[in-house]
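Dropping a structure here in structure tokens format, bear with me for questions.
The values are calculated or read from the model by the stated rules, or taken from the named source; none is laboratory data. Remember, it's a predicted structure, so these values are computed and weren't measured experimentally. Virtual Cβ from ideal backbone geometry, glycine too; neighbours counted across all protein chains shown. The accessibility values were calculated without ligands, DNA or RNA, using every heavy atom of the protein model including side chains. Shrake-Rupley method; radii C 1.70, N 1.55, O 1.52, S 1.80 Å.
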Amino acid sequence: MTTVFGTLDHVLLMAPGPSPVAANVLEAMSLPTLGHLDPDCIKVMDAMQEQLRAICKTRNAVTFPISGTGSAGMEACFVNLVEPGDNVLIVNNGLFCSRMIEVASRLGAQVDTVESPWGTPIAVDAVKQQLAQKPYKILAVVHAETSTGVNNPVAELGALVKGGDTLFLVDSVAGLGGVDVQVDGWGIDAFYSGSQKCLSTPPGLAPASFSEAAMEAMARRKHKVPNWYLDVSLIRKYWEGSPRAYHHTAPINMYYGLHQAMDNLLAEGLEAAFARHQAMHLRLKEGMGKIGFTPYVTQGAAPQVNLFVPPDGVDANALRARLRKEHNIEVAGGLGALAGKVLRIGIMGEGAREEPVDRLLSAVGACL
């Protein structure tokens, strides 16, 4: 029996994740695998932590990638901080906010929400009013909502609870590396992202960071963390100290890839990378506008996640199918209530460059 690798297409990934992967990242991932406690593996892990602190703009000691995709990062943050009966406030304006609500509810939290229509950022004043109603252990928000293409005002929301007893939990799976993230400056206590978006690494790791206040909250738990694999108090012993304590068999070659991808990003410079994402967002927006597409988001648009409403008479799903079949380009469709109504296009990492953007615009024009 033979493999199917020879029959696979080389697809340009222009959906909001996974994003295109640089050649040197793929090359790094092909290096020989090391054992998870090998001294050279530990060197890679230590270097990754320093890189993550720089990209997240944090000094948090507990900063490392969770072994799993961005959803594992979400689960890790909630499962370590939430106990039954805890009051949790979650802002809700998209699918991934709704997933936060589901995870917190399963852990027995008393969940309240502040709602905003899909495609609009959360109103800071509404969150402020809800915070005044009762004490909350956690305020949680999705920074870059992949389902809608909105960047929520995380800095302003963090200011509402900074210096208080409420922990601030932030999902920036679709933001980190493409737009500014300031874990310390914004008062974030529990943070997670994903390797496959603006960091341009294959799916499989969830960069995470926890403040001292978050770690103290974990230490005060009345019950053990109900998920052994994602127990941060155990995982951190693998990432710090000497000797290191085995927790789980780490995805070593994924570490190689993320290490190289973060080196690429830091070599370019964070501000330069943010400017590149913004410039390519504007290039895409202008080009799509010329062929009749309308931006779905009018306020708080995320440069890295772009939603477009097709011109009259154009079926979004049929267009996606033609792009994949005839041009080997992947874009995403709408989620939830937006299914079949929009195209979702990622301007992420290696995809936030002129060549892939122009190739996509040419292909869309050809399909029309």
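Go through the residues of the stretch 94-104 one by one and say whether even a single one is under 16 Å from the mean Cα position of the chain (by Cα), of a type outside the set (Phe, Trp, Tyr) and within 21 Å of Lys222 (Cα to Cα).
Kept after step one, since they are under 16 Å from the mean Cα position of the chain (by Cα), are these residues of the stretch 94-104: 94-100.
Now drop any that are not of a type outside the set (Phe, Trp, Tyr), which leaves 94-95, 97-100.
Okay, now just the ones that are also within 21 Å of Lys222 (Cα to Cα), so none.
Checked against the condition, which is being under 16 Å from the mean Cα position of the chain (by Cα), of a type outside the set (Phe, Trp, Tyr) and within 21 Å of Lys222 (Cα to Cα), the stretch 94-104 yields no hits at all.
Open to solvent by 10 Å² or more (accessible area, probe 1.4 Å) and more than 19 Å from Lys341 (Cβ to Cβ) - does that describe any residue in the stretch 305-322?
No, there is no match, as no residue in the stretch 305-322 is open to solvent by 10 Å² or more (accessible area, probe 1.4 Å) and more than 19 Å from Lys341 (Cβ to Cβ).
State whether one or more residues within the stretch 72-82 are more than 19 Å from Pro226 (Cα to Cα) and surrounded by 14 or more Cβ atoms within 10 Å (Cβ to Cβ).
First pass over the stretch 72-82, keeping only residues more than 19 Å from Pro226 (Cα to Cα): none.
Within the stretch 72-82, none of the residues are more than 19 Å from Pro226 (Cα to Cα) and surrounded by 14 or more Cβ atoms within 10 Å (Cβ to Cβ).
Write out, first by first residue and then by second, each pair whose Cβ atoms fall under 6 Å of each other, whose residues are 6+ apart or on separate chains, and whose first residue, in the stretch 222-251, is closer than 27 Å to Gly108 by Cα and among the basic types (Lys, Arg) while the second is in a helix (DSSP H, G or I) and open to solvent by less than 60 Å² (accessible area, probe 1.4 Å).
none
Take the conditions among the aromatic types (Phe, Trp, Tyr) and touching a helix residue (DSSP H, G or I) at 6+ places or on another chain (Cβ under 7 Å) and apply them to Tyr238. Does it pass? Please lay out each step first, then the result.
Numbers: among the aromatic types (Phe, Trp, Tyr): yes; touching a helix residue (DSSP H, G or I) at 6+ places or on another chain (Cβ under 7 Å): no.
Taking the combined requirement at face value, the residue does not satisfy it.
If you check Glu355 against the conditions, is it without any contact (Cβ under 8 Å) to a residue 40 or more places away in the chain, part of a helix (DSSP H, G or I) and within 16 Å of Ser19 (Cα to Cα)? Reasoning before the result, please.
Numbers: without any contact (Cβ under 8 Å) to a residue 40 or more places away in the chain: yes; part of a helix (DSSP H, G or I): yes; within 16 Å of Ser19 (Cα to Cα): yes.
When the stated conditions are applied, Glu355 passes them.
Shifting gears a bit: Quick check: is even one residue across the stretch 29-45 open to solvent by 10 Å² or more (accessible area, probe 1.4 Å), closer than 30 Å to Leu360 by Cα and touching a helix residue (DSSP H, G or I) at 6+ places or on another chain (Cβ under 7 Å)?
Initially, the stretch 29-45 is screened for residues open to solvent by 10 Å² or more (accessible area, probe 1.4 Å), giving 29-40, 42-44.
So of that shortlist, the ones also closer than 30 Å to Leu360 by Cα come out as 29-30.
Then drop every residue that is not touching a helix residue (DSSP H, G or I) at 6+ places or on another chain (Cβ under 7 Å), which leaves 29.
Yes: one or more hits.
Separate question: Looking at (1) more than 30 Å from Lys57 (Cβ to Cβ); (2) surrounded by 16 or more Cβ atoms within 10 Å (Cβ to Cβ); (3) of a type in the set (D, E, K, R), can you tell me which one Arg236 breaks?
For Arg236, the failing item is (1).
Kindly check whether there is at least one residue in the stretch 342-349 that is under 27 Å from Leu176 (Cα atoms), open to solvent by 60 Å² or more (accessible area, probe 1.4 Å) and not hydrophobic (A, V, I, L, M, F, W, C). Spell out how you get there, then give the answer.
Restricting attention to the stretch 342-349, the residues satisfying the condition of being under 27 Å from Leu176 (Cα atoms) are 342-349.
Still in the list and also open to solvent by 60 Å² or more (accessible area, probe 1.4 Å): none.
No, the conditions are met nowhere in the stretch 342-349.
While we're looking at this one, here's another question. Could you figure out which of (1) within 25 Å of Val21 (Cβ to Cβ); (2) buried (at least 16 other Cβ atoms within 10 Å of the Cβ) isn't true of Ala301?
(1)
Which one of Met254, Met288, Met280 is of a type outside the set (Phe, Trp, Tyr), open to solvent by 10 Å² or more (accessible area, probe 1.4 Å) and in contact with a strand residue (DSSP E or B) (Cβ under 6 Å, 6 or more places away or on another chain)? Give the derivation first.
Working: Met288 fails: open to solvent by 10 Å² or more (accessible area, probe 1.4 Å); Met280 fails: in contact with a strand residue (DSSP E or B) (Cβ under 6 Å, 6 or more places away or on another chain).
Result: Met254 is the single residue among Met254, Met288, Met280 that is of a type outside the set (Phe, Trp, Tyr), open to solvent by 10 Å² or more (accessible area, probe 1.4 Å) and in contact with a strand residue (DSSP E or B) (Cβ under 6 Å, 6 or more places away or on another chain).
Looking at Ala272 and the list (1) touching a Cys at 6+ places or on another chain (Cβ under 9 Å); (2) surrounded by fewer than 17 Cβ atoms within 10 Å (Cβ to Cβ), which single condition is not satisfied?
(1)
With the checklist (1) in contact (Cβ under 8 Å) with a residue 12 or more places away in the chain; (2) surrounded by fewer than 24 Cβ atoms within 10 Å (Cβ to Cβ); (3) at negative phi in hand, flag the one item Glu102 doesn't pass.
Single failed check for Glu102: (1).
Are any of the residues in the stretch 51-68 in contact (Cβ under 8 Å) with a residue 60 or more places away in the chain and over 23 Å from Ser195 (Cα atoms)? Walk me through it before giving the result.
Of all residues in the stretch 51-68, those in contact (Cβ under 8 Å) with a residue 60 or more places away in the chain come to 51-68.
Subsequent filtering for residues that are over 23 Å from Ser195 (Cα atoms) retains none.
No, the stretch 51-68 contains no residue that is in contact (Cβ under 8 Å) with a residue 60 or more places away in the chain and over 23 Å from Ser195 (Cα atoms).
While we're looking at this one, here's another question. Give the residue, chosen from Gly204, Gly185, Gly175, that is out of contact with any helix residue (DSSP H, G or I) (no Cβ under 8 Å at 6 or more places or on another chain), within 19 Å of Gln51 (Cα to Cα) and either modelled with pLDDT of 95 or more or crowded, with 24+ Cβ neighbours inside 10 Å (or both). I'd like the intermediate steps shown before the answer.
Details: Gly204 fails: out of contact with any helix residue (DSSP H, G or I) (no Cβ under 8 Å at 6 or more places or on another chain); Gly185 fails: out of contact with any helix residue (DSSP H, G or I) (no Cβ under 8 Å at 6 or more places or on another chain).
Result of the check over Gly204, Gly185, Gly175: Gly175.
Run Glu326 past the list (1) closer than 14 Å to Ala15 by Cα; (2) surrounded by fewer than 16 Cβ atoms within 10 Å (Cβ to Cβ) and report the number of the one that doesn't hold.
(1)
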